[in-house]
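Asks: Dropping a structure here in structure tokens format, bear with me for questions.
We did not get these values from a lab; they are worked out from the coordinates using the rules stated. This is a predicted model, so every value here is computed, not measured. When we count neighbours, we look across all protein chains shown, and the Cβ atoms used for this are built from the backbone with ideal geometry, even at glycine.
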Amino acid sequence: MSGRLSVDVAIIGGGLAGSSAALALRGMGISVALFDQGFCGAQASGVNYGGVRRQGRPPEQLPLAARAAGVWTRLRGLIGIDGEYERSGHLKLAQTDADMAALEAYAETVSGYGLDLQLMGSAALRKRFPWIGDGMVGGSYCPSDGHANPRLVATAFPAAARRAGAQVFEQTAVVGVTRQAEGFWLETATNLRVRAGIVLNTAGAWAAPFAESFGEPLPLSRIYPSMIVTEPLPPLMDVNIGMEGGAIYARQVARGNCVIGGERGLVLADPDFSRPSSDGARAIMNRAARFFPALQHAHAIRFWTGTEGATPDKNPIIGFSTTTPGLIHAFGFTGAGFQITPGVGEVLAELVRDGYSPTPITAFSPARFRPARSPASPGLTGAQDQNNQQKSEQREGFPS
């Protein structure tokens with residue numbers, strides 16, 4: 001599509017963060033254009049493991065994760081399907097005493113966040129989950145966590161946004177964004193020019209260049225999680241499994257297939273793409289057979305990898321640009337975005353409409369990556385700077 005278009009908000013990136021924001025904005029009556037260089041939900045949002053968990057997240061992420069948990073419980077009414085969401089619970093295993101001590105310390109740290117973690121030793125673990133192999137010291141169980149099918153969820157959100165009136169442009173790369181007095185102008189590879197009052201940068205692993213074009217270099221690397229799915233098997237895993245230290249994660253879907261991850265793919269010459277490693281696939285399956293003996297003779301029928309953006313501190317970047325009024329970032333979910341991004345979309349819509357969100361996101365501000373001022377240089381104190389940033393964010397909301 002070529003020509004010109006004018007909308008209140010333009011969103012760059014059709015993954016879950018961008019598409020859920022588009023849906024939430026349409027619910028507020030705000031006009032939206034959503035752009036993806038490929039197909040919405042085809043990147044990290046649609047090829048991840050599918051864990052819907054709060055357990056294991058740092059405390060600063062838990063209010064946002066709680067916000068997202070509320071979205072998952074009303075998924076069918078929101079996007080028209082349940083996305084195979086199952087509130088199975090999430091069990092995190094400990095192989096050593098040190099791992100168990102880490103789980104116990106985490107449970108104490110997050111005791112006020114409503115996770116209701118249940119710690120258990122080796123005997124209790126074997127009694128409750130007899131299909132887990134020997135050698136585990138214990139585990140931590142979060143009953144309200146679960147899993148879902150990312151391929152379904154990541155495509156259903158943009159479809160729901162389109163039905164709600166968002167203009168969704170797939171295979172339409174945004175090749176340039178400029179800020180002018182009347183707002184932003186976006187140029188696409190299809191020669192469509194778009195005017196927007198506010199821009200959301202939700203471009204995932206491709207988001208950093210958009211920030212840098214506005215004088216805001218933000219640290220973003222790439223990771224390539226690799227997954228395996230087995231043939232359908234008799235019912236075995238009745239919880240979403242994780243491991244302290246990240247050696248493996250696994251879940252079983254209603255059809256009987258087990259989805260297993262814990263390795264990285266091999267980067268290709270074009271870093272946008274990767275492929276599964278044969279060594280990594282063998283390592284994952286050998287681990288799975290050791291931890292879950294019923295999988296010893298399971299056939300792996302499919303392998304895949306995905307491209308995800310990662311930040312140095314493993315927290316996402318969410319919030320108003322520190323350089324450009326009307327620009328809002330949401331990217332860098334570092335392999336843990338599937339659960340929280342439906343909540344992120346609602347937060348982004350509130351930032352657009354109101355200039356702030358009641359869900360705390362200060363820890364994710366892009367301002368945390370600004371170079372520290374020299375103590376001898378003039379300028380605002382840290383407290384003054386943060387206060388002014390908050391006031392600026394409150395002013396930048398969509399005009400009511």
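Asks: Using all C-alpha to C-alpha distances in the chain, build P(r) with 10 Å bins and read off the rounded percent in each one.
Replies: Answer for the chain: a P(r) of 5, 23, 31, 24, 13, 4, 0 percent.
Asks: As an exercise, use a Förster radius of 56 Å and the Cβ-Cβ distance of R126 and A173 to find the FRET efficiency, rounded to the nearest 0.05. Spell out each step's value before the answer.
Replies: Working: r = 52 Å, r/R0 = 0.94.
E(calc), rounded to 0.05, equals 0.60.
Asks: Explain nothing, just compute: Karplus ³J(HN,Hα) = 6.51 cos²θ - 1.76 cosθ + 1.60, θ = phi - 60°, for every residue of the range 130-145 in order, whole Hz, x for Gly and Pro.
Replies: Ordered by residue, 3J(HN,Hα) equals x, 7, 7, x, 5, x, 7, 7, x, x, 10, 10, 10, x, 8, 7 Hz.
Asks: Trypsin sites (Lys or Arg not before Pro) within the range 62-128: which are DSSP loop residues with at most 15 other Cβ atoms inside 10 Å? Each step should come with its number before you reach the end.
Replies: Working: sites: R67, R74, R76, R87, K92, R126, K127, R128; in loops: R74, R87.
Filter output for the range 62-128: R74.
Asks: Related question: Return the percentage of antiparallel bridges among DSSP beta bridges fully within the range 1-140, rounded to the nearest 5 %. Working shown, then result.
Replies: On the way: 6 of 10 bridges.
Restricted to the range 1-140, the bridges split so that about 60 percent are antiparallel.
Asks: Still on this structure, I have one more. Please name whichever of F320, S144, P366 sits farthest to the positive end of the charge dipole of the chain, dipole taken about the Cα centre and charges placed at Cβ: Lys and Arg +1, Asp and Glu -1.
Replies: Among F320, S144, P366, the one farthest towards the positive end of the dipole of the chain is S144.
Asks: Let me ask something else about it. Determine the gain in length on full extension of the stretch D116-A98; use 0.36 nm per residue of separation and subtract their C-alpha separation, reporting nm with one decimal. Write down the numbers at each step before the final one.
Replies: Details: separation 18, 0.36 × 18 = 6.48 nm, distance 2.17 nm.
This chain segment gains 4.3 nm when fully extended.
Asks: Shifting gears a bit: Once the Cβ-Cβ distance between A164 and H299 is put in as r, and R0 is 41 Å, what FRET efficiency do you end up with, to the nearest 0.05?
Replies: Values: r = 42 Å, r/R0 = 1.02.
The formula returns an efficiency of 0.45 here.
Asks: Could I ask something else about it? Among L266, G29, G355, flag the residue with its Cα farthest along the positive direction of the charge dipole of the chain, charges on Cβ as +1 for Lys/Arg and -1 for Asp/Glu.
Replies: G29
Asks: Still on this structure, please answer the following. Can you check what the net charge comes to around V259, using other residues whose Cβ is under 13 Å from the Cβ of V259 (Lys, Arg +1; Asp, Glu -1)?
Replies: Working: positive: R151, R251, R255, R302; negative: E84, E86, E231.
Taking every Cβ under 13 Å from that of V259, the sum is +1.
Asks: Between Q180 and R264, what is 0.36 nm times their sequence separation minus the Cα-Cα distance? Round to one decimal in nm. Please list the in-between numbers first.
Replies: Details: separation 84, 0.36 × 84 = 30.24 nm, distance 4.18 nm.
Separation in residues times 0.36 nm, less the Cα-Cα distance, equals 26.1 nm.
Asks: For T172, enumerate residues with amide H under 5 Å from its amide H, sequence gap 5+ or separate chain, H modeled in the peptide plane.
Replies: So T172 has HN proximity to D36, Q37, G38.
Asks: Where does the charge balance sit around A207 when Lys and Arg score +1, Asp and Glu -1, over other residues with C-beta under 12 Å from its C-beta? List each step's numbers first, then the result.
Replies: Details: positive: R222; negative: E212, E216, E308.
Charge balance in the 12 Å sphere: -2.
Asks: For Q339, which sequence-distant residues (separation of 5 or more, or a different chain) have an amide H within less than 5 Å of its own amide H, given hydrogens modelled in the peptide plane?
Replies: Result for Q339 returns R53.
Asks: Name the residues whose placed amide hydrogens come within less than 5 Å of the amide hydrogen of S365, ignoring near sequence neighbours (fewer than 5 apart) on the same chain.
Replies: HN-HN under 5 Å from S365: I318.
Asks: While we're looking at this one, here's another question. Given the convex hull of the Cα atoms of the range 219-258, what is a quarter of its surface area in nm²? Display every interim value, and only then the final one.
Replies: Details: hull surface 16.2 nm².
Mean projected area for the range 219-258: 4.1 nm², to one decimal.
Asks: Under a no-solvent Debye model with one identical scatterer per Cα of the range 280-349, what's log10 I(q)/I(0) at q = 0.17, 0.29 Å⁻¹?
Replies: -0.78, -1.22
Asks: Moving to a separate point now. Which one of I223, G135, A160 is farthest out on the positive end of the charge dipole of the range 131-229, using unit charges on Cβ (Lys, Arg +1; Asp, Glu -1) and the Cα centre as origin?
Replies: It is A160.
Asks: Also: By average Cβ neighbour count within 10 Å, what is the ranking of 184-192, 30-38 from highest down? Walk me through the intermediate numbers first.
Replies: Values: 184-192: 16.6, 30-38: 22.9.
Packing proxy ranking, top to bottom: 30-38, 184-192.
Asks: Next question, about the same structure. Can you compute the FRET efficiency between F39 and R87 using 1/(1 + (r/R0)^6), with r the Cβ-Cβ distance and R0 = 30 Å? Round to the nearest 0.05.
Replies: On the way: r = 29 Å, r/R0 = 0.96.
The computed FRET efficiency comes out at 0.55.
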